[in-house]
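**Q** I have a structure here, written as structure tokens, and I will follow up with some questions on it.
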Amino acid sequence: MKITRQNHAKKHLGFFCNNFVVHDLYQILLDGTFCQVAVRGCIQLWEQLPCYLMGETHLCTTKIRIYLWK
């Protein structure tokens, strides 16, 4: 992650931690279709999201709707 993006993420997470009592172990709801596209694109969400949010994450998904792309 680039330095400016990391600084902006740290700033926004700090705001939510201070004002809305948001702590580590973020529970993230991911759409099943989004997860399917991430797997097809070789994006490893379970490794990248904790680094981006700078804390532990628990990923929750919805049901997968299978779309056939050409």
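The values are calculated or read from the model by the stated rules, or taken from the named source; none is laboratory data. This one's a predicted model, so the numbers in the text were calculated from it and none came from an experiment. Cβ atoms come from the backbone with ideal geometry, glycine included; neighbour counts cover every protein chain shown.
**Q** I need a count of the residues in region 1-11 that are polar (S, T, N, Q), surrounded by 10 or more Cβ atoms within 10 Å (Cβ to Cβ) and at pLDDT 85 or above.
**A** As a first pass, look at region 1-11 and keep what is polar (S, T, N, Q): 4, 6-7.
Those left that are additionally surrounded by 10 or more Cβ atoms within 10 Å (Cβ to Cβ): 6-7.
Now restrict to residues that are at pLDDT 85 or above: 7.
Selection size over region 1-11: 1.
**Q** Which of the residues that make up region 40-56 are on the phi > 0 side of the Ramachandran plot and exposed (fewer than 11 other Cβ atoms within 10 Å of the Cβ)?
**A** Cys42 - this is the single residue of region 40-56 that is on the phi > 0 side of the Ramachandran plot and exposed (fewer than 11 other Cβ atoms within 10 Å of the Cβ).
**Q** Just to be sure, is Val37 surrounded by 10 or more Cβ atoms within 10 Å (Cβ to Cβ), over 12 Å from the mean Cα position of the chain (by Cα) and outside any helix (DSSP H, G or I)?
**A** no
**Q** Considering only region 17-30, state which residues are surrounded by 11 or more Cβ atoms within 10 Å (Cβ to Cβ) and under 11 Å from the mean Cα position of the chain (by Cα). Working first, answer last.
**A** Going residue by residue through region 17-30, those that are surrounded by 11 or more Cβ atoms within 10 Å (Cβ to Cβ) are 17, 22, 24, 26, 28, 30.
Across region 17-30, the qualifying residues are Tyr26, Ile28, Leu30.
**Q** Would region 12-23 turn up any residue that is in contact with a helix residue (DSSP H, G or I) (Cβ under 6 Å, 6 or more places away or on another chain) and modelled with pLDDT under 85?
**A** Quick first cut of region 12-23, residues in contact with a helix residue (DSSP H, G or I) (Cβ under 6 Å, 6 or more places away or on another chain) only: 22.
From the residues that got through so far, the ones that are modelled with pLDDT under 85 too are 22.
Among the residues of region 12-23, at least one is in contact with a helix residue (DSSP H, G or I) (Cβ under 6 Å, 6 or more places away or on another chain) and modelled with pLDDT under 85, which makes the answer yes.
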